[in-house]
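K.L.:
Before we start, here is the structure in question, set down as structure tokens.
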Amino acid sequence: MKKIRTGDIFYFQLKQKPDLYWFGRVVNNNAKIMNYSGITMVYIYSQPSRSADKLPELKPDKLLIPPQFINRIGWSKGYFVTILNKPIESNDLLPVNCFFNSITKKNFDDNGKEVNDPKPPFGFQSIGNYRTIEDDVCEALGIPLSDEP
């Protein structure tokens, strides 16, 4: 498996809508959650395409779901397919990435620092995977969740 890098743009498809490609971007490949570092943080965008080659506008105001911390299994299983790497520019990011910690009831950024003036969208300070991304996307779109394990 090729190393995942900040700036990687990838696509995935939903079993329930196999004719569409959804896009995401690795916006931080060295995020921190509590005592863990090297976590992958992604944005998932709201505009699908009928072709993996036709990228929609990948801007933070086009997010379908809040930023997510995920592991790398989606790439190793082939669920996420990286198509290119483009350096991150300041206008590619939200002003602050906020993640709610349900234990401390506080918000943190993707570097593990507490955010005193949090702004939506709010992710959760937990590590998901390709399945949690798929479930969140399906819920945002109002379509049934996949029954695959």
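The values are calculated or read from the model by the stated rules, or taken from the named source; none is laboratory data. Quantities reported herein were computed from a predicted structural model and do not represent experimental measurements. Glycine gets a Cβ as well: all are built from the backbone with ideal geometry, and neighbour counts include every protein chain shown. Side chains are part of the model used for accessible areas, which takes the heavy atoms of the whole protein and leaves out ligands, DNA and RNA. Shrake-Rupley method; radii C 1.70, N 1.55, O 1.52, S 1.80 Å.
K.L.:
Name the residues in the stretch 99-149 that are closer than 18 Å to ARG72 by Cβ, in contact (Cβ under 8 Å) with a residue 60 or more places away in the chain and of a type outside the set (A, V, I, L, M), would you?
P.N.:
ASP110, SER126, GLY128, TYR130, THR132, GLU134, ASP136, listed by residue number.
K.L.:
Checking SER46 against (1) modelled with pLDDT of 95 or more; (2) closer than 24 Å to GLY112 by Cα, which single condition isn't satisfied?
P.N.:
(2)
K.L.:
Turning to a different aspect of this structure: Condition test on TYR79, is it closer than 19 Å to CYS138 by Cα and either in a loop (DSSP other than H, G, I, E, B) or over 13 Å from the mean Cα position of the chain (by Cα) (or both)?
P.N.:
yes
K.L.:
Still on this structure, I have one more. Applying the selection to the stretch 85-105, what residues are open to solvent by less than 90 Å² (accessible area, probe 1.4 Å) and over 16 Å from the mean Cα position of the chain (by Cα)?
P.N.:
ASN91, ASN101, SER102, THR104 - these are the residues of the stretch 85-105 that are open to solvent by less than 90 Å² (accessible area, probe 1.4 Å) and over 16 Å from the mean Cα position of the chain (by Cα).
K.L.:
Sticking with this structure for a sec: Return only the number of the condition from (1) in contact with a Leu (Cβ under 7 Å, 6 or more places away or on another chain); (2) open to solvent by 30 Å² or more (accessible area, probe 1.4 Å) that ILE9 does not satisfy.
P.N.:
Against the list (1) in contact with a Leu (Cβ under 7 Å, 6 or more places away or on another chain); (2) open to solvent by 30 Å² or more (accessible area, probe 1.4 Å), ILE9 comes up short only on (2).
K.L.:
Please enumerate the residues belonging to the stretch 40-53 that are of a type outside the set (Ser, Thr, Tyr), more than 12 Å from ILE9 (Cβ to Cβ) and open to solvent by 20 Å² or more (accessible area, probe 1.4 Å).
P.N.:
If the condition is that a residue be of a type outside the set (Ser, Thr, Tyr), more than 12 Å from ILE9 (Cβ to Cβ) and open to solvent by 20 Å² or more (accessible area, probe 1.4 Å), then GLN47, PRO48, ARG50 are the ones that fit.
A quick yes/no check of all residues on (1) in a strand (DSSP E or B); (2) among the aromatic types (Phe, Trp, Tyr):
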residue	(1), (2)
ASP19	yes, no
ALA31	yes, no
ILE44	yes, no
ASP53	no, no
ASP61	no, no
TRP75	no, yes
LEU84	yes, no
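K.L.:
Looking at the stretch 65-98 only, could you name the residues that are in contact (Cβ under 8 Å) with a residue 40 or more places away in the chain and small (Gly, Ala, Ser)?
P.N.:
Within the stretch 65-98, GLY74, SER76 meet the criteria.
K.L.:
Further, regarding this structure: So, SER37, is that one surrounded by fewer than 17 Cβ atoms within 10 Å (Cβ to Cβ) and assigned to a strand (DSSP E or B) or not?
P.N.:
Criteria met by SER37.
K.L.:
Taking the stretch 54-79, which residues are closer than 15 Å to LYS3 by Cα and either surrounded by fewer than 16 Cβ atoms within 10 Å (Cβ to Cβ) or among the charged types (D, E, K, R) (or both)?
P.N.:
Within the stretch 54-79, ASN71, ARG72, ILE73, SER76, LYS77, GLY78 qualify.
K.L.:
If you don't mind, another one. Please indicate, with yes or no, whether at least one residue in the stretch 12-30 is open to solvent by 20 Å² or more (accessible area, probe 1.4 Å), closer than 20 Å to ARG131 by Cβ and basic (Lys, Arg).
P.N.:
For the stretch 12-30, residues open to solvent by 20 Å² or more (accessible area, probe 1.4 Å), closer than 20 Å to ARG131 by Cβ and basic (Lys, Arg): present.
K.L.:
Name the residue that is farthest from LEU63 (Cα to Cα), counting only residues in the stretch 95-117 that are in a loop (DSSP other than H, G, I, E, B) and in contact with a Phe, Trp or Tyr (Cβ under 8 Å, 6 or more places away or on another chain).
P.N.:
SER102
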